[in-house]
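Structure first, then comments.
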Amino acid sequence: MVHFLHHTPRNIVPPEAQKDALGCCVVQEEASPYTLVNICLNVLIANLEKLCSERPDGTLCLPEHWSFPQEVADRFLRVMTWQGKLTDRTASIFRGNQMKLKLVNIQKAKISTAAFIKAFCHHKLIELNATAVHADLPVPDIISGLCSNNWIQQNLRCLLLDSTSIPQNSRLLFFSQLTGLRILSVFNVCFHTEDLANVSQLPRLESLDISNTLVTDISALLTCKDRLKSLTMHYLKCLSMTKPQILAVIRGLTCLLHLDISVHRQLKSDLAFHLLQQKDILPNVVSLDISGGSCITDEAVELFIQQRPAMQFVGLLATDAGTSDFFTANQGLRVAGGASMSQISEALSRYRNRSCFMKEALCRLFTETFSMEVTMPAILKLVAVGMRNHPLDLPVQFTASACALNLTRQGLAKGMPVRLLSEVTCLLFKALKNFPHYQQLQKNCLLSLTNSRILVDVPFDRFDAAKFVMRWLCKHENPKMQTMAVSVTSILALQLSPEQMAQLEELFMAVKELLAIVKQKTTKNLDDVTLLFTLKALWNLTDGSPAACKHFIENQGLEIFIQVLETFSESAIQSKVLGLLNNIAEIRELSSKLVTEDALKHINSLLCSREMEVSYFAAGIIAHLTSDRQLWISRDFQRRALLQDLHAAIQNWPSSSCKMTALVTYRSLKTFFPLLGNFSQPEVQLWALWAVCHVCSKNPSKYCKMLVEEEGLQLLCDIQEHSEATPQAQQIAASILNDFRMHFMNYQRPTLCQMPF
């Protein structure tokens, strides 16, 4: 978000630097809760359509009794612009006098000339940032609209028109009526030498940015030599003057405090080299940017600064200078360069809008942070700003993604504000959409998702992330990347709702690919971490997802998993296989697929496993299968035998509060409810009670709350009171209700059952 500063003649610095001065505060804001004002504005903007009425022309109108103070109105507009919500329809709320604007930011907005004039040109504006507005609002129309207000003509102080458009048939830009203008920026605009002559006549002009314009001759600047304090002419590629002529103009600008003649390194300009040799030039300068210049040495820069002891900043990025101890010893001097972390930080901050220098600074940052062991949220924020400002620049996006990895890997992410990590992660996914075929960028994004802090704690679009990771999974990349994709899929699967899982077009291919990995590992008898991750991913994908379970069955998943059980005897593998088969057994339409001799033989044999979690999951499958009598019409004897084995196994289990090696978690307890109400099969009911009691004792804050929300308490109360319930079942039900009582002492539902609170 761009903040405007109030400008005074005593401290004239370029607009970029003024914006960057606020950067140090941003990271503190990232780690703090949102302000009440921001929360209110976000809610207001999100509900603008509901709160406003509609004019006959289709634009929005605020309620008549609403009125906003100037500071809040400015902020409201800024947030709307930042969120991309400023359009012809919404800009109309700034008509009239309910909003009193002074500092207007319509950066990158898509609004028409008519909407701009009606919404903003009647206000008493002192600053306007129209950077990169849509071509529907060209520069001549902006100037014409502003000049239609006499107050604005005399009092507008700051006008930023960077990267705005000018129609081909428009030749001269008439700024001369804006007599109060002190700061003007036309970076990357079709701004000609004639326009410069016009602007130089402005009586109060103090700061001018003509970077990357079509100016060929800067001699007109001498017209304002007695008042111009800041001149930025980065990459002035069309300049046709000789170096002595350029230096003569600069020499005449005796009031300059800031000069920027930085250039792309590829141009190999030696203008800065010649400027540094001059002794009778820029006597009052405090800020000099010569980044990208050729033949620049530490000695020349050091001598120039020593002759001007008031200097506070020098830009040396993409030059051969900056390594001297002089630059670190001089505490009052800030350097944008690549020789140290402080120089790189300054460069990232100063050059956030210049892609050529952003790339250079990010490359230096990558090298500097390759073995980083210190958390640096301020640097990560600058990386995020670079990514946001240059979304279509592949080198910036790729290098920034690599830097983000360096700054958040291993434990470094733990010290980063969640909001900042969320911003960076969202920017990575935006880069993926802009460059879908650039594999190294995709790898960096995947690597960032393997960070547990990001994957578990940080808000981002997990549905989009799941689609990306599943597509990556099917690319048959190298084994290491495949393992990462599998592990991320495993965690993301638990974070998606069943509805989202059903909408995943990539789900079918992901299940098929994961089963192929399992089959390959099993055929080779290879028990490695990839196999464990893959089994876990399939288990999580099928949890509460009928679609995933159906894909599993259709791709010979049951046959492959039986082969796994026949090949491996490790409990970690067995528990994951049985966990997934539990998910199949819970779905009535698919559970019949498990009632085969092969499947039942392996499941029943594992019922007596010494490993608690293996026995538990085997028991769960049997409980779900035997609860549906329709599956056993021709084999009731086998069903009763399985129930006996189930009962015997449960009796051999320790207390339901025991620990299991594998953490048992559930999206919902509703799958247990039919079993809890099954009084005709007490073995089935007993397993369900044991399971609910176990999770409630291990994570009462989650599952006791779930019992209430899913209306499961009544079932437990029924078991306590039902005459056909076994004493053991009633005892476990009482234990669950006691856990509930312990964690919700103030929760009273006397209609459910008589509980002695």
Please enumerate the residues belonging to segment 565-607 that are in contact with an Asp or Glu (Cβ under 8 Å, 6 or more places away or on another chain), open to solvent by 40 Å² or more (accessible area, probe 1.4 Å), outside any helix (DSSP H, G or I) and farther than 22 Å from F533 by Cα.
-> none
All but one of (1) open to solvent by less than 10 Å² (accessible area, probe 1.4 Å); (2) hydrophobic (A, V, I, L, M, F, W, C); (3) under 18 Å from N198 (Cα atoms) hold for F120, so report the exception by its number.
-> (3)
Flagged in segment 608-658 as open to solvent by less than 40 Å² (accessible area, probe 1.4 Å), more than 42 Å from the chain's Cα centre (by Cα) and of a type in the set (F, W, Y), in numbering order, are W632, W653
Expected single match for among the polar types (S, T, N, Q) and within 20 Å of S185 (Cα to Cα) among S287, S240, S269 is S287
Can you name the helices (runs of 4 or more DSSP H) wholly within segment 93-183 that have at least 3 residues being among the small types (G, A, S) and on the phi < 0 side of the Ramachandran plot?
-> 113-120
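To keep it simple, each residue is scored yes or no on (1) more than 20 Å from L137 (Cα to Cα); (2) under 32 Å from the mean Cα position of the chain (by Cα); (3) assigned by the TED database to the domain that holds A132.
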residue: P56; (1), (2), (3): yes, no, yes
residue: Q70; (1), (2), (3): yes, yes, yes
residue: L77; (1), (2), (3): no, yes, yes
residue: Q83; (1), (2), (3): no, yes, yes
residue: L86; (1), (2), (3): no, yes, yes
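For segment 300-320, which positions are within 13 Å of R265 (Cβ to Cβ) and either open to solvent by less than 10 Å² (accessible area, probe 1.4 Å) or among the polar types (S, T, N, Q) (or both)?
Answer for segment 300-320, where residues must be within 13 Å of R265 (Cβ to Cβ) and either open to solvent by less than 10 Å² (accessible area, probe 1.4 Å) or among the polar types (S, T, N, Q) (or both): G315, L316, L317, A318, T319.
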Based on what the data block shows, is S185 in contact with a strand residue (DSSP E or B) (Cβ under 7 Å, 6 or more places away or on another chain), over 22 Å from T254 (Cβ atoms) and open to solvent by less than 30 Å² (accessible area, probe 1.4 Å)?
-> yes
For residues in segment 332-354 being part of a loop (DSSP other than H, G, I, E, B) and closer than 17 Å to D298 by Cα, which is most open to solvent (accessible area, probe 1.4 Å)?
-> A339
Within segment 472-509, count every residue that is closer than 18 Å to T450 by Cα and in a helix (DSSP H, G or I).
-> 19
Is it true that Q503 is within 24 Å of L348 (Cα to Cα) and either open to solvent by 60 Å² or more (accessible area, probe 1.4 Å) or touching a His at 6+ places or on another chain (Cβ under 7 Å) (or both)?
-> no
F357: in contact (Cβ under 8 Å) with a residue 24 or more places away in the chain, open to solvent by 30 Å² or more (accessible area, probe 1.4 Å) and of a type outside the set (G, A, S), yes or no?
-> no
Residue that is farthest from L532 (Cα to Cα), among those in segment 656-709 that are assigned to a loop (DSSP other than H, G, I, E, B) and aliphatic (A, V, I, L, M) | L669
In segment 425-456, the residues that are within 12 Å of the chain's Cα centre (by Cα), under 20 Å from C474 (Cα atoms) and hydroxyl-bearing (S, T, Y) | S448
Which residue pairs have Cβ atoms under 7 Å apart, sit 6 or more places apart or on different chains, and have a first residue in segment 388-402 that is free of Cβ contacts under 8 Å to residues at least 40 places away in the same chain and a second that is assigned to a helix (DSSP H, G or I) and surrounded by fewer than 18 Cβ atoms within 10 Å (Cβ to Cβ)?
-> H390/S355; D393/S355
Which residue, of E597, E566, E589, is free of Cβ contacts under 8 Å to residues at least 12 places away in the same chain and at negative phi?
-> E597
Can you tell me how many residues in segment 196-219 are under 25 Å from G315 (Cβ atoms) and not in a strand (DSSP E or B)?
-> 15
Yes/no for V37 being assigned by the TED database to the domain that holds K124, open to solvent by less than 40 Å² (accessible area, probe 1.4 Å), under 22 Å from L420 (Cα atoms) and of a type in the set (A, V, I, L, M) | no
Going through segment 520-536 one residue at a time, which ones are part of a helix (DSSP H, G or I) and either over 16 Å from R667 (Cβ atoms) or touching a residue at least 60 places away in the same chain (Cβ under 8 Å) (or both)?
-> Q520, K521, T522, T523, V529, T530, L531, L532, F533, T534, L535
Can you tell me which residues in segment 158-180 are in contact (Cβ under 8 Å) with a residue 24 or more places away in the chain, surrounded by fewer than 21 Cβ atoms within 10 Å (Cβ to Cβ) and more than 35 Å from the chain's Cα centre (by Cα)?
-> P167, S170, L172, F174, S176, Q177, T179, G180
So which residues in segment 430-469 are of a type in the set (F, W, Y) and open to solvent by less than 50 Å² (accessible area, probe 1.4 Å)?
-> F435, F460, F463, F468
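The values are calculated or read from the model by the stated rules, or taken from the named source; none is laboratory data. None of these values were measured; they are calculated from a predicted model. Heads up, the Cβs are rebuilt from the backbone with ideal geometry, glycines too, and the neighbour counts pull from every protein chain shown. Heads up: the accessible areas ignore ligands, DNA and RNA and are worked out on the full protein's heavy atoms, side chains in. Shrake-Rupley method; radii C 1.70, N 1.55, O 1.52, S 1.80 Å.
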